[in-house]
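Chemist: Handing you this structure, nothing more for now.
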Amino acid sequence: MSPNSNIDTIIIDTRRWLEQVVIGLNLCPFARAVYVKNQVRIVVSSARHIDAFLDDLDRELAHLQAVSAEETDTTLLVHTTLFPDFIVFNDFQGVVDEVLLEHSLEGVIQVAHFHPDFVFDGEPEGDMSHFTNRAPYPILHLLREDSVARAIHSAGGDADAIVARNIRTLRELGPKGWERLLG
């Protein structure tokens, strides 16, 4: 398999997750609008070490600063092999936060993270709440703060209600429903 066909497969898998889970279950009530307008950028990193991945992150942050939200509202930075362990990936979020500070982007860009083995601290191991942040690959989701604020406002202004609804949706779906959804 050529490297490009592997990247194509990763992008297809990521789009499928976006369409069936994030948009299909309405986990992110504003994802559909930017997705159908082709404002979601999916970038697959082939970095072989953390420093190179941080370079990719820097490039994507610079891209979001350089273009309008109408061109790219949000970016999904995907890496399939660098973070097989969720705990390592979760700890890496501290580094990502430092990068945002370094670029003076705190309050401008926020980063949500997704992982195939995502778990919320303090939640039972098998709880479906974890699946709100599960994706086929480790993903850093770079979001424009102003876009998020507008979207939350248009969804009623209560981000906590969205989170609670998502957890309820996934608990109702259950493990078998999750398997059917992505199977």
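Chemist: For segment 2-22, which residues satisfy the criterion of being outside any loop (DSSP other than H, G, I, E, B), surrounded by fewer than 19 Cβ atoms within 10 Å (Cβ to Cβ) and either in contact with a helix residue (DSSP H, G or I) (Cβ under 9 Å, 6 or more places away or on another chain) or not β-branched (Val, Ile, Thr) (or both)?
Modeler: Pro3, Asn4, Ser5, Asn6, Asp8, Asp13, Arg15, Arg16, Glu19, Gln20
Chemist: Could you please let me know if Leu64 is over 14 Å from the mean Cα position of the chain (by Cα) and at pLDDT 95 or above?
Modeler: Criteria met by Leu64.
Chemist: Hey, another quick one. Residues to consider are Asn38, Asn26; find the one that is touching a Ser or Thr at 6+ places or on another chain (Cβ under 8 Å) and on the phi > 0 side of the Ramachandran plot.
Modeler: Only one candidate qualifies: Asn26.
Chemist: Could you list, in sequence order, the residues of segment 143-165 that are touching a residue at least 40 places away in the same chain (Cβ under 8 Å), among the small types (Gly, Ala, Ser) and outside any helix (DSSP H, G or I)?
Modeler: Within segment 143-165, just Ala155 meets the criteria.
Chemist: Is it true that some residue in segment 90-102 is in a loop (DSSP other than H, G, I, E, B), surrounded by 13 or more Cβ atoms within 10 Å (Cβ to Cβ) and touching an Asp or Glu at 6+ places or on another chain (Cβ under 9 Å)?
Modeler: no
Chemist: So which residues in segment 111-133 are buried (at least 16 other Cβ atoms within 10 Å of the Cβ) and either farther than 20 Å from Leu181 by Cβ or in contact (Cβ under 8 Å) with a residue 40 or more places away in the chain (or both)?
Modeler: Once the filter is applied, which keeps residues that are buried (at least 16 other Cβ atoms within 10 Å of the Cβ) and either farther than 20 Å from Leu181 by Cβ or in contact (Cβ under 8 Å) with a residue 40 or more places away in the chain (or both), segment 111-133 yields Val111, His113, Met128, Ser129, Phe131, Thr132.
Chemist: Okay, next question. Does any residue of segment 167-176 turn out to be within 24 Å of Pro116 (Cβ to Cβ) and among the acidic types (Asp, Glu)?
Modeler: Yes.
The values are calculated or read from the model by the stated rules, or taken from the named source; none is laboratory data. Just so it is clear, the structure is predicted and the values come from calculations on it, not from any experiment. Virtual Cβ from ideal backbone geometry, glycine too; neighbours counted across all protein chains shown.
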